[in-house]
Amino acid sequence: MKKVLVANRGEIAVRIIRACQELGLQTVAIHSVADRESLHTKIADESVCVGPAASARSYLYMPSIMSAAEISGVDAIHPGYGFLAENAEFAEICEKSGICFIGPTPQQMHSLGNKIKARQLAIKADVPLLPGSEGVIKETKAVKLANEIGFPVIIKAAAGGGGRGMKIARNKEELKRLLPLAQKEALAGFGNADCFLEKYLEHPRHIEVQIIADAEGKIRHLGERDCSIQRRHQKLVEESPCPVLDRTLREKVGDLAVRLVKTNGYRSLGTVEFLFQDEQFYFMEMNVRAQVEHPVTEMVTGIDLIKEQIRIAQGHSLNLPETITPNGHAIECRINAEDPQSFTPWPGKVSAFHQPGGPGVRVDSMLYTGYTVPSQYDSLVAKLVTHGADRAESIARMRRALREMKIEGIRSNIDFHLKLMENVHFQKGNVSTRFLESF
Ligand code: ADP
């Protein structure tokens, strides 16, 4: 592997280009017309415009991306997260074109990318999950099944992601009304109408395990992340380790994740997601890519996950100790360009950007003074990560780093994060996925 095309934009494209540079690999950035001045195009060795602002005609448009790959003569593509990162067809096209797709095999993506298939795999691996439908739910059977497992239930799109494609039904009338709506939205949003039912938990935590596996079947888990601070099922703050797990529970969730991955013969970086309530873990899904929140694990383990992911794709075997013990505690705040009250995206020109620094602080961002945040994409503009000897120190560092961070010209949620870091319930680690509903 000599030259890598990064099929993404924003902070993750910057992150991947940095990893490639450290590995001595040449880099090619792709960008839409709206992203001409984006940081990833400036730091890569080459950049290619792949289409207009609309993602469907640029970052998601495979013919343009493959042409860019061919013209620039790359031998690998890193998909980042979002866009084509979990698209098995794209991985297959790369493979057929003789280009290394930095991720799992298309077959592994097929079997884990669909939540219904992933549930079936969890059953095979004897990994606990919430009671729910065995496969696609039929309207005629939904009420009977929901009565059996007990309301409330959650309707989920098999192909859903990013916190979208989920609806909660608290009684049979709601279920009858919401199921056809969920199917219609799933078809429009994900190109697949299949939905399934699952028991809805009222106050779970979201706990996920970072996995890394090589082609020889060597698997390591790198501890857990707690991602319970969410708005509308979308993560806003992530931390590692989880503040409420003792050693036994930590080992248990790590073992469950490894067991699932082993059953699938998985290779590459991946995350196994669980809900945790009343001391029980329930498998939710597996993400077959690098996650937005991977830096918290990097901070506590000292392992560069993106470089490891690339090395595995190059065919190297994993060279990590059997057990990896995290050092200290890390937190990540997702800094979004948005109105702090209404949470609506707030794109525009950044008149000044000042990054915090000092001990234990990391900023992954595409921002610079004079950059215009385009309106067409996700509102995530920076990830602020702090690391401390313990949770109290990483929170204290986050508070001072948030105060130091300045983004002028657009609105952001920096003050929201400050308020959260100052909240006593958060400080005690006393939260669930619904914490922000009453914040
Ligand atoms: P996505 O793939 O869209 O991220 P997930 O299946 O990972 O969807 O779920 C995202 C979030 O939705 C979870 O972190 C949790 O807050 C909520 N959620 C999902 N399933 C359930 C459930 N059965 N009970 C309660 N909350 C759930």
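The values are calculated or read from the model by the stated rules, or taken from the named source; none is laboratory data. Predicted model, so just to flag it, every value in this text is computed and none were measured. Reconstructed Cβ throughout: ideal geometry from the backbone, glycine too, with neighbour counts over all protein chains shown. Just so you know, the surface numbers come from the protein's heavy atoms only, side chains and all, with ligands and any DNA or RNA stripped out. Shrake-Rupley method; radii C 1.70, N 1.55, O 1.52, S 1.80 Å.
A few notes on this one:
- Here's the list of aspartates and glutamates a cross-link from residue 218 could span, going by alpha-carbon distance under 16 Å and ignoring same-chain residues fewer than 8 apart: 255, 308, 322.
- Separation of the stretch 242-271 and the stretch 208-225, taken as the distance between their Cα centroids, equals 7 angstrom.
- Taken over the stretch 131-199, the alpha-carbon convex hull comes to 69 cubic angstrom per residue.
- The packing ranking of peptides 322-331, 40-49, 84-93, highest mean first, is 84-93, 40-49, 322-331, where packing means the average number of other beta carbon atoms within 10 angstrom of each residue.
- Taking every C-alpha pair closer than 8 Å and separated by at least 6 residues, the mean separation divided by the residue count of the stretch 209-339 gives a relative contact order of 32 percent.
- Three principal axis extents of the stretch 50-171 based on alpha-carbon atoms, in descending order, are 57, 34, 21 Å.
- Carbon/sulfur fraction of accessible area - the stretch 68-125, other protein chains in place, 1.4 Å, %: 53
- With N as its number of residues, the stretch 263-314 has a Cα radius of gyration that, divided by 2.2 N^0.38 Å, comes to 1.32.
- Looking at the chain alone, DSSP beta bridges between its own residues are antiparallel in about 80 percent of cases.
- Probe 1.4 Å - accessible area at residue 399, Å² to nearest ten: 70
- Averaged over residues, the count of other Cβ atoms within 10 Å places the peptides 292-304, 193-205 in the sequence 292-304, 193-205, highest first.
- The stretch 327-369 and the stretch 5-62 have Cα centres lying 20 Å from one another.
- Local net charge near residue 345, Cβ-Cβ under 10 Å (Lys/Arg +1, Asp/Glu -1): -2
- Probe 1.4 Å, protein heavy atoms only - accessible area per residue of the stretch 334-439 in square angstrom: 45
- Cβ-placed point charges (K, R +1; D, E -1), dipole of the stretch 87-242 about Cα centre in debye, nearest 20: 620
- Peptides 21-28, 32-39, 269-276 ranked from most to least packed by the mean count of surrounding Cβ atoms within 10 Å: 269-276, 32-39, 21-28.
- Kirkwood hydrodynamic radius over Cα pairs of the stretch 216-298, then Stokes diffusion coefficient at 4 °C and 1.567 mPa s, in µm²/s: 96
- The chain - mean residue ellipticity at 222 nm from DSSP helices (-39,500 (n - 2.57) per run, n ≥ 4, rounded to 500): -10000 deg cm²/dmol
- Shown for the stretch 3-102 is the translational diffusion coefficient from the Stokes-Einstein equation, using the Kirkwood radius over Cα pairs, a temperature of 25 °C and a viscosity of 0.890 mPa s: 190 µm²/s.
- GNM top mover of 216, 148, 224 - the chain, alpha-carbon springs below 10 Å: 148
- At 0.692 mPa s and 37 °C, Stokes D of the stretch 263-399 from Kirkwood alpha-carbon radius, µm² per second: 186
- Set against the 2.2 N^0.38 Å expectation for a compact globular protein, the chain has a Cα radius of gyration ratio of 0.95.
- Short-range pairs are left out: with C-alpha atoms under 8 Å and at least six residues apart, the relative contact order of the chain is 14 percent.
- Assigned charges on the beta-carbon of Lys, Arg, Asp, Glu; the stretch 1-130 dipole about Cα centre (debye): 280
- Cβ charges +1 (Lys, Arg) and -1 (Asp, Glu), total dipole of the stretch 363-407, debye: 200
- The fraction of accessible area contributed by carbon and sulfur in the stretch 131-199 is 53 percent, rounded to a whole number (1.4 Å probe; ligands and nucleic acids excluded).
- Accessible-area composition of the stretch 264-388, carbon plus sulfur, in percent [1.4 Å probe]: 46
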